[in-house]
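See below for the structure under consideration.
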Amino acid sequence: MTRTLRAWKTRAAAVTAVVLMTLAPVAVATEAHADVSGTVCLSALPPEATDTLNLIATDGPFPFDQDGQVFQNREHVLPSQSNGYYHEYTVITPDSPTRGARRVVTGEAFQEDYYTGDHYATFSLINQGC
């Protein structure tokens, strides 16, 4: 009985360690790391996001030279893909003298589109069907 109890405790400790190691990256996330925070309906985004998606669908012309450039995903917030998989596009911010902070980041293979309104601090997957 003691041997069985000891084996069970050892196995439980190993499982606990694996679970804690799996959760550790979530627990130590910092403000410097962005986060994909679920999905957002396209209709809930600023109307300029729809304009940007329409430009992407028709291959431009884009308002800024940086539009269409590779998004590096340096913070590893979006799902891990090979370099060149993601591209970023400006979502115009009315009355802004610069490009502003709003972007659409696209992924090639599955045609996923992400929106950030705070210059990569957070991302939401765009649901174009609602």
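The values are calculated or read from the model by the stated rules, or taken from the named source; none is laboratory data. Note that this is a predicted model, so its numbers are computed, not measured. Backbone-built Cβ (ideal geometry, glycine too); neighbour counts: all protein chains shown.
Assorted remarks:
- For segment 26-73, the set of residues classified as in a loop (DSSP other than H, G, I, E, B) and at pLDDT below 90 consists of 28, 29, 30, 31, 32, 33, 34, listed by residue number.
- When segment 88-100 is filtered for residues that are surrounded by fewer than 17 Cβ atoms within 10 Å (Cβ to Cβ) and among the acidic types (Asp, Glu), only 95 remains.
- Residues in segment 94-108 that are assigned to a strand (DSSP E or B) and of a type outside the set (D, E, K, R): 104, 105, 106, 107.
- Look at (1) without any contact (Cβ under 8 Å) to a residue 40 or more places away in the chain; (2) closer than 18 Å to residue 41 by Cα and you find that residue 88 fails only one, number (2).
- Every pair of residues 6+ apart whose Cβ atoms lie under 6 Å, when the first sits in segment 37-63 and is among the hydroxyl-bearing types (Ser, Thr, Tyr) while the second is outside any helix (DSSP H, G or I): 37/122; 37/124; 39/125; 39/127; 52/89; 52/91; 52/104
- Restricting attention to segment 41-57, the residues that are closer than 12 Å to residue 93 by Cα and β-branched (Val, Ile, Thr) total 1.
- Enumeration of residues in segment 109-130 that are closer than 18 Å to residue 62 by Cα and either touching a helix residue (DSSP H, G or I) at 6+ places or on another chain (Cβ under 7 Å) or in a loop (DSSP other than H, G, I, E, B) (or both): 113, 115
Quick grid of which residues meet (1) surrounded by 13 or more Cβ atoms within 10 Å (Cβ to Cβ); (2) modelled with pLDDT of 95 or more:
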site: 80; (1), (2): no, no
site: 86; (1), (2): yes, yes
site: 104; (1), (2): yes, yes
site: 108; (1), (2): no, no
site: 111; (1), (2): no, no
site: 120; (1), (2): yes, no
